[in-house]
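**Q** Supplied in structure tokens, the structure appears directly below.
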Amino acid sequence: MELQLISHQDKLVRVAVSGIINQDTTSRDNEPLEALIGLETYNHTVMLNMTDTDLIDSSGIGWLLNCHKRFGDGGGRLIIHSLPPIVANVFKLMRLETVFSMSDNEETAERLAQEN
């Protein structure tokens, strides 16, 4: 998995994720979002663009769930958007749309980010 910081304006951060999200790319010792954005990550709204995500496994889902909890505890928000079909199917099968703030595209994610 590769994370790329697209923009960071005030408390709105745009991040693109590409590649495979699995145990090899996520660990409890190294939190990738925190390493990219910094310690203040979890009190921001982060829009995570997953357009170029090739695959996600259960450990990748676990990482996102852990991030979701950290955002909740920190007063921030994680918005996941633009999932490719193979990744969207995993989220659908696990009913993760009931857990995460999700959007089909960046435009709708932007509107979600403006809501509080």
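Each reported figure results from applying straightforward, stated rules to the coordinates on display, with no laboratory input. What you see is a predicted model, and the numbers here were worked out from it, not measured in a lab. Positions of Cβ are backbone-derived with ideal geometry, glycine not excepted, and every protein chain shown enters the neighbour counts.
**Q** I need to check one value: relative contact order of the chain, counting alpha carbon pairs closer than 8 Å and at least 6 residues apart, in percent.
**A** 25
**Q** Oh, and also: Over the stretch 2-109, what is the percentage of antiparallel beta bridges among all DSSP beta bridges, to the nearest 5?
**A** DSSP beta bridges in the stretch 2-109 are roughly 30 percent antiparallel.
**Q** Tabulate in residue order the Karplus-calculated ³J(HN,Hα) for the stretch 88-99, using 6.51 cos²θ - 1.76 cosθ + 1.60 with θ = phi - 60°, rounded to whole Hz; enter x for Gly and Pro.
**A** 4, 5, 4, 4, 5, 4, 8, 6, 6, 5, 7, 9
**Q** Per residue and in Å³, how big is the convex hull formed by the alpha-carbon atoms of the chain?
**A** Here the figure is 93 Å³ per residue.
**Q** Ordered by packing density, taken as the mean number of other Cβ atoms within 10 Å over each peptide's residues, highest first, how do 45-56, 97-108, 78-89 rank?
**A** Packing order, densest peptide first, comes out as 45-56, 78-89, 97-108.
**Q** Kindly write out, for the stretch 32-41 in residue order, the coupling ³J(HN,Hα) from the Karplus curve 6.51 cos²θ - 1.76 cosθ + 1.60 (θ = phi - 60°), rounded to whole Hz, with x marking Gly and Pro.
**A** So the J values, rounded to whole Hz, are x, 5, 5, 5, 7, 9, x, 4, 7, 3.
**Q** Something else: In debye, nearest 20, what is the charge dipole magnitude of the chain about its Cα centre with +1 on Lys and Arg Cβ and -1 on Asp and Glu Cβ, if you could check?
**A** Roughly 340 debye, rounded to the nearest 20.
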